[in-house]
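Here the structure is laid out as structure tokens; the discussion comes afterwards.
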Amino acid sequence: MGIDASTLEIRGDAVRHIDSRPPPDRSLDAYANAFPDALAEAFPDNPDVHELVWIEHVLQAALVARDSACDPMADWAQVDWERVRNAMEGRVKRSGSI
């Protein structure tokens with residue numbers, strides 16, 4: 001499977017986006033915040049490009065979190081793991097994933 005012309009155009013727009021804007025935050029995770037809007041401007045006749053990149057960005061951003069302090073191992077030893085397992089199994093069964 002090769003790279004098509006539209007993929008190369010989007011990559012070029014990504015490079016231009018990075019080159020034309022300083023990072024908005026110390027984290028590189030925030031670099032793409034305005035990229036969906038930049039693609040909407042670059043591809044006004046193809047809203048699918050903007051929407052797909054926006055969806056991808058929102059999903060990625062949902063998984064980014066601040067660093068947290070490490071929990072002492074003693075705290076983990078006090079967790080009722082059988083209860084956790086039962087709760088997770090109940091959620092999976094209710095969601096219809098099994």
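Just wondering, is there one or more residues in the stretch 64-84 that are at pLDDT 80 or above and surrounded by 13 or more Cβ atoms within 10 Å (Cβ to Cβ)? No.
For the stretch 16-40, which positions are in a helix (DSSP H, G or I) and surrounded by fewer than 10 Cβ atoms within 10 Å (Cβ to Cβ)? Steps first, please.
Start the filter on the stretch 16-40 by keeping residues that are in a helix (DSSP H, G or I), which leaves 16-20, 28-32, 35-40.
Selection gives Asp19, Ser20, Leu28.
Being assigned to a helix (DSSP H, G or I), over 11 Å from the mean Cα position of the chain (by Cα) and surrounded by 13 or more Cβ atoms within 10 Å (Cβ to Cβ) is the filter here, so list the residues in the stretch 41-63 that pass it. Show your work before the answer.
Step one: filter the stretch 41-63 for residues assigned to a helix (DSSP H, G or I), giving 41-42, 47-62.
Filter once more, keeping what is over 11 Å from the mean Cα position of the chain (by Cα): 41-42, 47-52.
Scanning the stretch 41-63 gives Ala42, Val49, His50, Glu51, Leu52.
The values are calculated or read from the model by the stated rules, or taken from the named source; none is laboratory data. Note that the structure is a prediction, hence the values are computed from the model and not measured. So basically every Cβ, Gly included, is an ideal-geometry build from the backbone, and we count neighbours across all protein chains shown.
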